[in-house]
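Right, one structure below, let's go through it.
The values are calculated or read from the model by the stated rules, or taken from the named source; none is laboratory data. All values reported here derive from a predicted model rather than from experimental measurement. Methodologically, a virtual Cβ is constructed for each residue, glycine included, from the backbone with ideal geometry; neighbour enumeration extends over all protein chains shown.
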Amino acid sequence: MSTPLRIVIFHLGFFYSGGGEKLVLQQARWLRARGHRVDVYAPIVDERACFPDLLAEIGPRALLSRLPNVAGVGDALTLLMASLRASALTAGLDADVYLGANQPGAWLARAAARRHAKRYVVYLSQPNRLLLPRAIDREARPLVMRNDFHLLSLAALVGRSVLDARDRASVRDAAVRLGDGAYITTILRFYYGGGWRNCPAASAPLERSPVAVSARSGDSVRVNGILVRAPFILLTNRHYPQKRFEDMFPVLERVRRTNPGVTLVITGAETQYTDRLRTEVAERGLSDAVLFLGLVPERDLEALYRAASVYVYPSPEEDFGMGIVEAMGRGTPVVAWDNAGPASIVVDGVSGRLAPLGDLESFGGAVIELLDDHKQADRIGAAAWEAAVRGYSAQAHTDVLERALQDAATPSRPK
C-alpha cells in the first residue's frame, strides 16, 4: 500500500463543464479513495457552471476573488492576476507534493513547490494553446467565443516570449510529466522535450458487462424534465465551435431517412455557440429530432450513456476525447473521426467505428450500420467496454498518477 500523501492540485479554473475539469475533480476523488489528503485550488470556482454535483463533493477553492466581468474580460484578468501572484497565492498551501493540471495550473504548482521546497507533477491535456493553437483554433468559428479568450490571446501575442519562457519552465522543472493519452503525449514530448509518462483520461466503467445495445430499444430516460426515448444518438461535449456539433445535423438527416424515430441528444452547458446550433436545427426542420438537455447531473449522464444506441464524437482535432471512454465504459458503440486523439483510443471495427476525416457520408453510414446491425452493435459495444476496463478505468489512471506523485514526493527517486 502506498504512503498517504498531502496533495494539492491546481487547475485553470472551474467555470465551465469540460473534460479537463471533470478529470481533475475525478482525480481528487480517486486519490482520496486511496487514503490521500487532497485539496484542489483554481483561480476561479463557479459552483453553478461546472459540474455542480462534483464540485459539491470535491470542494475546490478559489485562490482569489473573481474580478468583475467588465467588458466581458473579468475571468481573463482573474487568470492573469493569479499567474502574476502565483508565489503569494500559494504561500499557505504546504503539501508533500503538488499537481499542476494544465496552465496556469502547472505554473501555480511550480510556484508552490519552490515556495515550500517540495516537488511537483504536471499533467497536460495539450500544449499551451495560446502559444500553439491547432488549425481549428485559428478558424472563424472561435469568433463567437467569450471576450476573455480574445484578451488572453492578445496578451499571449504581446508577451509571447515571456509566456513561452514561463510555460516551458513550469513543464521543465516538474519532477514528473504526465500526458493525457498516447496521441497528445507524443506531441508534448516533441514540443517540450524531456521524459513523459502516458496517463490517459478515464472514467469508472461498469463493473459488469453492460446491457447489450440491441436490448436498449425500449429504454427511456427523463433528464431535466425532458423525456428521452430510445433509440437515440448521444453527443456530450463542451459547447464550443471547435467541437463541430453542426456536422451531426446532416448525419442525423441521413439517419432519419431509414430510422425516422431516432433523435440526437445533446448535453452540456449552453453558450453562444448553442444559440447558433438551435438556429440551424430550426432551419433544417429538425426541432423535433434534436434535444438540448443542458448541463446534466452525473447520475443522469450515466443513465444516458447506458441507454444510448450510438455515441457520436464530431470534434475533428480533439487531443483526447473523454466522452469516448465514458461511452465505451458503458458498452455504447462510438463513431468518431479517424484523426488525432480518438484514433488512438478506438480500434475501427473492433471497439468502435472511425470515419475518414470530414467524410460525413461515411460517418452517417457508420451510425446507420450500428443502428440496423444489432450483432455488430452488440459486438462492438462489448469490445468497447472491455477496452475501457483494460486501459481507461479509474484504477488504471490512478495507478499511473499515484506512482508519479509518490516519485515526486520522494527526492531520492529519479525523474
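Which ranges mark the helices (runs of 4 or more DSSP H) fully within the range 255-344 that have 1 or more residues being surrounded by fewer than 20 Cβ atoms within 10 Å (Cβ to Cβ)?
Of the helices (runs of 4 or more DSSP H) lying wholly inside the range 255-344, those with at least 1 residues that are surrounded by fewer than 20 Cβ atoms within 10 Å (Cβ to Cβ) span 272-283, 298-307.
Any chance the range 397-410 includes a residue that's over 30 Å from GLY35 (Cβ atoms) and either surrounded by fewer than 18 Cβ atoms within 10 Å (Cβ to Cβ) or in contact (Cβ under 8 Å) with a residue 12 or more places away in the chain (or both)? Before you say what the answer is, go through the steps one by one.
Start the filter on the range 397-410 by keeping residues that are over 30 Å from GLY35 (Cβ atoms), which leaves none.
No, the range 397-410 has no match at all.
Can you pull out the helices (runs of 4 or more DSSP H) entirely within the range 131-244 that have at least 3 residues that are hydroxyl-bearing (Ser, Thr, Tyr) and modelled with pLDDT of 90 or more? Explain how you work it out, then say what you get.
On the way: elements: 135-138, 147-158, 160-172, 182-192.
Counting at least 3 such residues, we get 182-192.
Go through the range 292-303 residue by residue and tally those that are closer than 24 Å to ALA282 by Cα and touching a residue at least 40 places away in the same chain (Cβ under 8 Å). Break it down stepwise before answering.
Residues of the range 292-303 closer than 24 Å to ALA282 by Cα: 292-296.
Retained after the next criterion (residues that are touching a residue at least 40 places away in the same chain (Cβ under 8 Å)): 293-296.
Looking only at that region, the number is 4.
Scan the range 261-287 for residues that are free of Cβ contacts under 8 Å to residues at least 12 places away in the same chain and not hydroxyl-bearing (Ser, Thr, Tyr) and report the count.
4
Quick check on my filter: what residues within the range 95-109 are under 13 Å from ARG172 (Cα atoms) and in contact with a Lys or Arg (Cβ under 9 Å, 6 or more places away or on another chain)? Step through it out loud before you land on a result.
Taking the range 95-109 and keeping what is under 13 Å from ARG172 (Cα atoms), we get 100, 106-107, 109.
If the condition is that a residue be under 13 Å from ARG172 (Cα atoms) and in contact with a Lys or Arg (Cβ under 9 Å, 6 or more places away or on another chain), then GLY100, TRP107 are the ones that fit.
Look at GLY352 and say whether it is closer than 16 Å to ALA384 by Cβ, out of contact with any strand residue (DSSP E or B) (no Cβ under 9 Å at 6 or more places or on another chain) and of a type in the set (Gly, Ala, Ser).
no
Conditions tested, residue by residue: (1) surrounded by 16 or more Cβ atoms within 10 Å (Cβ to Cβ); (2) more than 28 Å from THR274 (Cα to Cα); (3) of a type in the set (Ser, Thr, Tyr).
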site	(1), (2), (3)
GLY193	no, yes, no
PRO205	yes, yes, no
SER217	no, yes, yes
LEU227	no, no, no
THR236	yes, no, yes
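Condition check: within 21 Å of GLU317 (Cβ to Cβ), modelled with pLDDT under 95 and of a type outside the set (Gly, Ala, Ser). Does PRO250 satisfy that?
no
Name the residues in the range 391-415 that are in a helix (DSSP H, G or I) and within 12 Å of LEU206 (Cα to Cα), would you? Quick ask: steps written out before the conclusion?
As a first pass, look at the range 391-415 and keep what is in a helix (DSSP H, G or I): 391, 394-409.
Once the filter is applied, which keeps residues that are in a helix (DSSP H, G or I) and within 12 Å of LEU206 (Cα to Cα), the range 391-415 yields only ALA394.
For ALA109, indicate whether it is surrounded by 21 or more Cβ atoms within 10 Å (Cβ to Cβ) and outside any strand (DSSP E or B).
yes
So that you can scan it fast, the table gives a plain yes or no per residue for (1) crowded, with 22+ Cβ neighbours inside 10 Å; (2) touching a helix residue (DSSP H, G or I) at 6+ places or on another chain (Cβ under 9 Å); (3) not acidic (Asp, Glu):
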| position | (1), (2), (3) |
| --- | --- |
| VAL8 | yes, yes, yes |
| HIS11 | yes, yes, yes |
| GLU21 | yes, yes, no |
| ARG29 | no, yes, yes |
| GLY35 | no, no, yes |
| VAL45 | no, yes, yes |
| PHE51 | yes, yes, yes |
| LEU64 | no, yes, yes |
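For the range 69-85, indicate whether the set of residues that are crowded, with 21+ Cβ neighbours inside 10 Å, of a type in the set (Val, Ile, Thr) and out of contact with any strand residue (DSSP E or B) (no Cβ under 7 Å at 6 or more places or on another chain) is non-empty.
yes
Given (1) surrounded by fewer than 15 Cβ atoms within 10 Å (Cβ to Cβ); (2) in a helix (DSSP H, G or I); (3) among the aliphatic types (A, V, I, L, M), identify the lone condition not met by ALA383.
For ALA383, the exception is condition (1).
Are any of the residues in the range 53-61 crowded, with 22+ Cβ neighbours inside 10 Å and in contact with a strand residue (DSSP E or B) (Cβ under 8 Å, 6 or more places away or on another chain)? Break it down stepwise before answering.
Initial filter on the range 53-61 (crowded, with 22+ Cβ neighbours inside 10 Å): 60.
So of that shortlist, the ones also in contact with a strand residue (DSSP E or B) (Cβ under 8 Å, 6 or more places away or on another chain) come out as 60.
Checked the range 53-61: at least one residue is crowded, with 22+ Cβ neighbours inside 10 Å and in contact with a strand residue (DSSP E or B) (Cβ under 8 Å, 6 or more places away or on another chain).
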